[in-house]
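Structure, as structure tokens:
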Amino acid sequence: PDYIKANRLCFLRPYQLRAVHSLQAAVKEGRDRFLFEMATGTGKTLTAAAVIKLFLRSGNARRVLFLVDRLELEEQAGKAFTGLLSADYKTVIYKENRDDWRSAEIVVSTVQALQFNNKYQRLFSPTDFDLVISDEAHRSIGGNARAVFDYFVGYKLGLTATPKDYLKQYEQKNPHIRDPREYERRVLLDTYRTFGCDDGQPTFRYSLPDGVRDGYLINPTVVDARTDITTSLLSEQGFIVNFTDDEGEEQQGAYTQRDFEHKFYAEATNQLLCKVFLENALCDPISGEIGKSIIFAVSQDHAARLTQILNQMADRMFPGRYQSDFAVQVTSQIPDAQQFSINFANNNLMGSGNFLSGYRTGKARVCVTVGMMTTGYDCTDILNLGLFRPIFSPTDFIQIKGRGTRRHDFAEQIIDESLRDSVQNTQKTAFKLFDFFATCEYFEEHFQYDQVLELPPLPKRKSAGEGSGDDQSVVKGVYEHQGDDILATIKEVEVGVEGMKIDRMFFQRFEDRVRENDFIAGAVEAGQWDRVIDYVNREVFGKPEDYFTLEKLRKATGVDRRVTLREILEYIFGLIPRFKSKDELLEEEFAKFVADCTPKEPRAIPAIRHYFKAYVTSDQIRYIIETGQYTELATNPIFTMSDLKAVPESYRTLVPEYVKDYVSLNQFVA
């Protein structure tokens, strides 16, 4: 590890390597467009760097264009490729190297920079780039930006963290393209088609549940907090307001969560939400101050108010510490907002922290934003996310949730080595998602993933004269609540490895489909598995309605191994209570091995078990053992040379022989 760190060596994770292999397989099939659907925090940039190196080293590309849709992502990508590939290739950011970009093998640019005044047509040839990679593909090639992407010939790779499985169907009669639900669906489906994935199956997929299960990502702890007012806004009848109109008539109005900070304002509620957030937020494990946080507001005006409230509260909680720099508004109307987001990630927003001089962290603890920091923002040490607004878009929810899922070691920010001994737990193992408008409940219980939407015409603007109350609290349909608000309920729920429904609901659709099929149900009951499996492969898989495939279902189960179609059907029809994990199957296989080949020394069983499991699950270990290249174990993270020496010599050959004869390796593939 010290050698690797000192030489800044970087290795692909197993799933990243599978992504590269899937692209190579697609090229062999004659395809030139590819899509990687990888959850936030799973290293899309590193995977892209591996693809770039593969294309350049193999001669399939002379120059690569990496397109992003925002300035901070441009700088992020430029630094990443320089750090990873500078030994072999030159990386430039186009806007900073307009005159000598041709000297570089990798060119990073925002799509807007090339789009301005049709610069891509005037200054570039269609053959200048042999590989074009689109980061956050569902955003960076949307609308008119598509022309830039399509102008260049050659291979095209899209990267996205947004799956389309949850998207609702919509009624295509008289569609209204301005409706955001239809627009969201069209953009994502068009993205899949652009990269040759008309069947809805990307070239490679690695989801949030996959990342959590494999130990690379973290699920949130959801803090569901509701006040009296938000509880009313969320109720079926809404928040009821009685008022007198201009003609002296008594009227009644109802406001829902969609009206919050649009037509319904409550200063007391904003104050209470900020108070709950500060009292329950996770703290930095080293400095002890409020952990770095992002709060998502309804609007820029709302963001400004929340920022002011948080700074006032922080000044009372931590006198003299922050001088109104505790919270910072990061929205488009703020000068240098893009730089603020970069500084926040680099731990120097508003200067350095003042709790511990030997620890590198920023003075600002909270960024209050609306949409700027929702996608592609890489800040691994985020400990708290605040949803101070209702969210109805699955895309937005997945992206926002993804800001906190990355793991982080806070010890990396320690400058004073003497601090290390006084801190025990420096690893980020959790983050909190403050849900003030029942967003998680909405996507878990109420969002109808399979509903066919009949999109209505856009609502007409209401007339200005909707009456006003005696206290002037209702003016032109806008209500400002003057009273107090109190906390009604608060509960914390840690999301398990299976993830939220929005992460796993694809399997539910398949379950409903096969349960409703009389032929499948009858054949399962009769135990006619060959007929069932043949029928599902022919009549259910690959159909345009959902494009169910066995591989997609395996992903959706969240099991850490390759489950069979029979197992999936057995689970759906209640024949097995759950899917056994990889380790459970390994323990069963090892128990059979020990029964047949009982070790003479019981003390050796743990070492033999470790060897057995490593040999079964890792093709790399099998290759090393079978070829005798034991020196490679010196740097192997799964099974080391000392592990091998602990195994009795006779079992070093007995285990491989037994596995080859009696163990099916296919079921252990992730």
- Violating pairs (Cα-Cα greater than 20 angstrom) within the set Lys28/Lys582; Lys275/Lys432; Lys432/Lys555; Lys363/Lys491; Lys555/Lys582: Lys28/Lys582; Lys432/Lys555; Lys363/Lys491
- Message: Using just the Cα positions, wrap the chain in a convex hull and report its mean projected area in square nanometres, one decimal place.
- Response: 36.5 nm²
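Mind checking the full-extension length gain between Ile4 and Arg652? Use 0.36 nm per residue of separation minus the Cα-Cα distance, one decimal, nm. If you can, show how the numbers build up before the last one.
Numbers: separation 648, 0.36 × 648 = 233.28 nm, distance 2.87 nm.
Using 0.36 nm per residue and subtracting the Cα-Cα distance, I get 230.4 nm.
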- Message: I'd like the Karplus ³J(HN,Hα) series for segment 435-446: coefficients 6.51, -1.76, 1.60, θ = phi - 60°, whole numbers in Hz, and an x wherever there's a Gly or Pro.
- Response: 10, 8, 10, 6, 5, 5, 4, 4, 7, 8, 10, 10
- Among Met373, Met313, Met38, what is the fewest-to-most ranking by other Cβ atoms within 10 Å? Met313, Met38, Met373
- Note on the structure: With R₀ set to 60 angstrom, the calculated FRET efficiency between the beta-carbons of Glu250 and Ala521, to the nearest 0.05, is 0.55
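Classify segment 582-668 as rounded, prolate or oblate from the Cα gyration tensor: take a ≥ b ≥ c as the square roots of its eigenvalues, call it rounded if a/c is under 1.5, otherwise prolate when a/b beats b/c and oblate if not.
On the way: a/c = 1.63, a/b = 1.19, b/c = 1.37.
Because a/c hits 1.5 or more and a/b fails to exceed b/c, segment 582-668 counts as oblate.
Normalising by the residue count of segment 582-668, find the relative contact order in percent from Cα pairs under 8 Å and 6+ residues apart. Each step should come with its number before you reach the end.
Working: 47 pairs, mean separation 28.9, N = 87.
Worked out over segment 582-668, it gives 33 percent.
Treating only the Cβ atoms of Lys and Arg (+1) and Asp and Glu (-1) as charged, compute the dipole magnitude of the chain about its Cα centre; round to the nearest 20 debye. Show your work: numbers first, answer last.
On the way: 83 positive and 98 negative charges, 508 e Å.
Taking the Cα centre of the chain as origin, the dipole is about 2440 debye.
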- Message: Using the Cα centre of segment 582-668 as origin and beta-carbon charges of +1 (Lys, Arg) and -1 (Asp, Glu), tell me which of Pro602, Phe668, Ile624 is placed farthest towards the positive end of the dipole.
- Response: Pro602
- Item | Theoretical ellipticity at 222 nm over the chain - DSSP helices of four or more residues, -39500 (n - 2.57) apiece, nearest 500 | -11000 deg cm²/dmol
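Please report the net charge: other residues with Cβ closer than 10 Å to the Cβ of Asn347, K and R +1, D and E -1. Walk me through the numbers before you get to the answer.
Working: positive: Lys292, Arg360, Lys363; negative: Asp381.
For residues surrounding Asn347, the net value is +2.
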- Item | Furthest towards positive pole of dipole, Asn537, Pro637, Thr194, structure part the chain, Cβ charges | Pro637
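With a 10 Å Cβ neighbour count serving as the proxy for reagent exposure, in which order, fewest first, do Leu54, Leu383 appear? All intermediate terms of the calculation are to be shown ahead of the outcome.
Numbers: Leu54 16, Leu383 21.
Final ranking by Cβ density, sparse to dense: Leu54, Leu383.
Count the net charge of all other residues whose Cβ sits under 14 Å from the Cβ of Leu306, scoring Lys and Arg as +1 and Asp and Glu as -1. The partial results should precede the final answer.
Working: positive: Lys275, Arg305, Arg365, Arg389; negative: Glu261, Glu267, Asp301.
Result for the local shell: +1.
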- Task: Can you pull the one-decimal nm distance between simple spin-label points at Asp530 and Gln620, each 7 Å off the Cα toward Cβ?
- Result: 4.1 nm
- Query: Straight-line reach from Lys660: which aspartates and glutamates have Cα under 20 Å away, leaving out those fewer than 8 places along the same chain?
  - Reply: Asp583, Glu584, Glu587, Glu588, Glu589, Asp596, Asp619, Glu626, Glu649
- Message: Neighbour counts of other C-beta atoms within 10 Å: give me Cys274, Cys440 arranged from fewest to most.
- Response: Cys440, Cys274
- Item | Over the chain, relative contact order from alpha-carbon pairs under 8 Å, at least 6 apart, % | 14 percent
- Item | Charge tally in the Cβ shell below 9 Å around Phe36, where Lys, Arg are +1 and Asp, Glu are -1, Phe36 excluded | +1
- Query: Tell me, what ³J(HN,Hα) does each residue in segment 573-582 have, in order and in whole Hz, if you take phi through Karplus 6.51 cos²θ - 1.76 cosθ + 1.60 with θ = phi - 60° and put x for Gly and Pro?
  - Reply: 8, x, 7, 10, x, 6, 8, 6, 6, 4
- Kindly state, to the nearest 0.05, the FRET efficiency for Ser235 paired with Leu550, given R0 = 56 Å and r defined as their beta-carbon distance. 0.85
- Using amide H atoms built 1.01 Å from N in the peptide plane, name the residues 5+ places from Arg62, or on other chains, whose amide H lies under 5 Å from its own. Asp130
- Message: Contact order normalised by length for segment 51-147, with contacts defined as Cα pairs under 8 Å and 6 or more residues apart; what percent is it?
- Response: 39 percent
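Pairs Lys552/Lys580; Lys552/Lys592; Lys156/Lys543; Lys90/Lys156; Lys95/Lys292; Lys44/Lys543: which are spaced more than 23 Å apart, C-alpha to C-alpha?
Values: Lys552/Lys580 18 Å; Lys552/Lys592 32 Å; Lys156/Lys543 26 Å; Lys90/Lys156 20 Å; Lys95/Lys292 31 Å; Lys44/Lys543 29 Å.
Too far apart for the 23 Å limit: Lys552/Lys592; Lys156/Lys543; Lys95/Lys292; Lys44/Lys543.
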- Note on the structure: If R0 = 60 Å, then Lys28 and Arg316, at their Cβ-Cβ distance, give a FRET efficiency to the nearest 0.05 of 0.40
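Coordinate-derived values only; no laboratory data. All values reported here derive from a predicted model rather than from experimental measurement. All Cβ positions, glycine included, derive from the backbone under ideal geometry; neighbour counts span all protein chains shown.
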